[in-house]
1. Looking only at region 144-161, filter to residues that are among the basic types (K, R) and touching a residue at least 12 places away in the same chain (Cβ under 8 Å); which one of those is surrounded by the most Cβ atoms within 10 Å (Cβ to Cβ)?
2. Pairs please, first residue from region 102-114 and touching a residue at least 40 places away in the same chain (Cβ under 8 Å), second anywhere and surrounded by fewer than 15 Cβ atoms within 10 Å (Cβ to Cβ), Cβ atoms under 8 Å, 6+ apart in sequence or on different chains.
3. Checking D273 against (1) under 22 Å from D252 (Cα atoms); (2) acidic (D, E); (3) surrounded by fewer than 20 Cβ atoms within 10 Å (Cβ to Cβ): exactly one of these is not met. Which one?
4. In this structure, is L327 of a type in the set (A, V, I, L, M), surrounded by fewer than 22 Cβ atoms within 10 Å (Cβ to Cβ), touching a residue at least 12 places away in the same chain (Cβ under 8 Å) and more than 29 Å from A224 (Cα to Cα)?
5. Condition test on N322, is it assigned to a helix (DSSP H, G or I), closer than 19 Å to T421 by Cα and touching an Asp or Glu at 6+ places or on another chain (Cβ under 9 Å)?
6. Can you tell me which residue in region 185-207 is farthest from L106 (Cα to Cα), limited to those that are within 36 Å of the chain's Cα centre (by Cα) and modelled with pLDDT under 70?
7. Being under 12 Å from L150 (Cβ atoms) and hydroxyl-bearing (S, T, Y) is the filter here, so list the residues in region 103-121 that pass it.
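The values are calculated or read from the model by the stated rules, or taken from the named source; none is laboratory data. This structure is a prediction, so every number in the text was calculated from the model and none was measured. Here the Cβ is made from the backbone with ideal geometry for all residues, glycine too, and neighbour counts use every protein chain on show.
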Amino acid sequence: MLTFKSQTPKLVPITATVKAPKKTATKRVVPYNTAYNTMSAIDVFVYDVEADQVDPSDRPENALDKKPGDHDGKTLENLVNEFTDGPAGKLTLKQVKNKIVSWDALPNYKEIPLSELWSALSVQRPVAHKHVKDILVGYDEKKVQYVNVLKIKIGTKYAYYVIDGQHTAITYGVWAKWGFFAPTVLSENWLDVKIKCQVVEFDNFTFAREHFLGINGDDKLKLAYFDKWKNYVLAKRQDSPDEICSEDKYEDAYAQQVIMESYNIIPIHEKDDINSGKPGAFKRVDLLKDLSEEEVHWFCAVHQLNWDDRSVDSVEVLPMVNLRHKLKGSKSLTSAPVKDFVVTLGNIIKNVVGSPAKLRTLTDVTYKEWFRNAYPGEKTPASYPPDAPLALLLYMYYEHGGTFNSISKMFMDDYSEQGYTIFHALDQTLQDFIKV
């Protein structure tokens with residue numbers, strides 16, 4: 001059995017020196033529940049503080065509560081004026097006031113025969129035939145973008161190099177070679193098909209590389225998953241409310257959105273600082289990609305039972321869904337034993353660390369400490385496994401005397417080495433607090 005030195009209770013947060021087996025003592029900070037600044041004996045299964053009732057006006061604004069035809073919009077005139085009149089615009093003007101800007105140097109749009117085009121292979125991604133296949137199979141003319149082309153002089157002649165959009169250009173050629181463009185495009189030679197291009201003239205490929213990077217990221221805001229989610233949901237809610245959408249992802253996202261709204265959980269953008277801390281605010285819609293509707297109902301219901309007055313933390317999603325999978329027999333919160341068990345787990349979090357977010361922090365610290373002690377000499381992982389928060393929470397439950405056993409606990413063995421569990425990697429004072 002691995003052992004470690006007991007510690008004297010201290011105020012929160014506690015800095016403790018733990019003697020790790022077979023290695024030098026390490027110093028770490030354990031984030032305790034700031035609501036309890038002393039380790040007085042309490043029953044961690046019971047939470048005496050009554051949660052405040054949440055006023056609907058305190059919840060986040062639901063940006064996806066839209067009806068058909070209710071499209072957000074602003075004139076470009078207003079957007080330009082807002083920028084130039086604001087602090088960012090005024091600062092920018094000072095920084096660019098000596099810059100020379102040429103209207104004539106802007107890209108021009110031109111139709112270039114496919115036979116005259118080259119692909120700048122050293123600039124772009126490698127050609128992927130699977131990607132070409134995916135474009136062809138899911139082809140939608142309305143989504144085809146202009147191909148970006150560099151016009152460059154080589155010797156005494158000009159050449160046209162595709163610097164972004166080579167897969168799009170290839171699909172033009174494939175359709176032409178197979179005759180799919182007929183009768184609109186009539187030619188004996190498929191190489192005569194004209195590709196719609198955005199052309200920039202320059203004297204070297206350095207610009208081509210910068211242009212490619214700009215198109216694919218440097219000059220664009222990173223697309224947050226919520227931006228995709230918003231379009232998925234509104235594609236159903238606004239564009240196809242009375243018919244089946246052409247893509248399943250729209251139907252699935254909308255169904256999940258409606259489920260969350262029924263529990264007063266409101267997805268928000270990851271950079272929405274105004275709404276982020278409000279009750280029910282949920283930033284991690286990317287975690288829903290592989291969840292069933294039943295699983296979404298589950299984690300939402302667990303949040304409503306335990307944390308309705310808080311925003312939704314990521315640790316409430318996959319670990320709680322994992323808990324549902326491990327339940328034996330009833331998986332319904334209408335079952336009194338299951339409901340009591342879930343509420344008790346929530347009370348442990350409230351009493352020990354205060355919130356799901358702090359459980360995530362505690363798990364990170366504790367898992368790394370456990371791994372260092374259990375596997376001395378091995379490289380400590382940079383992050384904990386997905387089910388580590390659940391394992392730590394269940395060890396707390398059973399160490400305090402929990403008796404709910406309608407659950408598969410085999411995965412907890414992954415966090416035990418020769419009897420030394422992830423629970424034993426907690427600060428000794430916190431262990432004693434939980435075991436009271």
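1. K151
2. Correct list of pairs: P113/L191; P113/D192; L114/L191; L114/D192.
3. With (1) under 22 Å from D252 (Cα atoms); (2) acidic (D, E); (3) surrounded by fewer than 20 Cβ atoms within 10 Å (Cβ to Cβ) applied to D273, the lone miss is (1).
4. Details: of a type in the set (A, V, I, L, M): yes; surrounded by fewer than 22 Cβ atoms within 10 Å (Cβ to Cβ): yes; touching a residue at least 12 places away in the same chain (Cβ under 8 Å): yes; more than 29 Å from A224 (Cα to Cα): yes.
Judged against the criteria, L327 is a match.
5. Numbers: assigned to a helix (DSSP H, G or I): yes; closer than 19 Å to T421 by Cα: no; touching an Asp or Glu at 6+ places or on another chain (Cβ under 9 Å): yes.
Answer is no for this residue.
6. Taking the candidates together, the pick is T206.
7. Passing the criteria: only S119.
Here is a yes/no grid of residues against (1) loosely packed, with under 10 Cβ neighbours inside 10 Å; (2) modelled with pLDDT of 90 or more; (3) assigned by TED's automatic domain parsing to the domain that holds K236; (4) not β-branched (V, I, T):
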position: R59; (1), (2), (3), (4): no, yes, no, yes
position: D65; (1), (2), (3), (4): no, yes, no, yes
position: T75; (1), (2), (3), (4): yes, no, no, no
position: N81; (1), (2), (3), (4): no, no, no, yes
position: T84; (1), (2), (3), (4): no, no, no, no
position: P87; (1), (2), (3), (4): yes, yes, no, yes
position: L93; (1), (2), (3), (4): no, no, no, yes
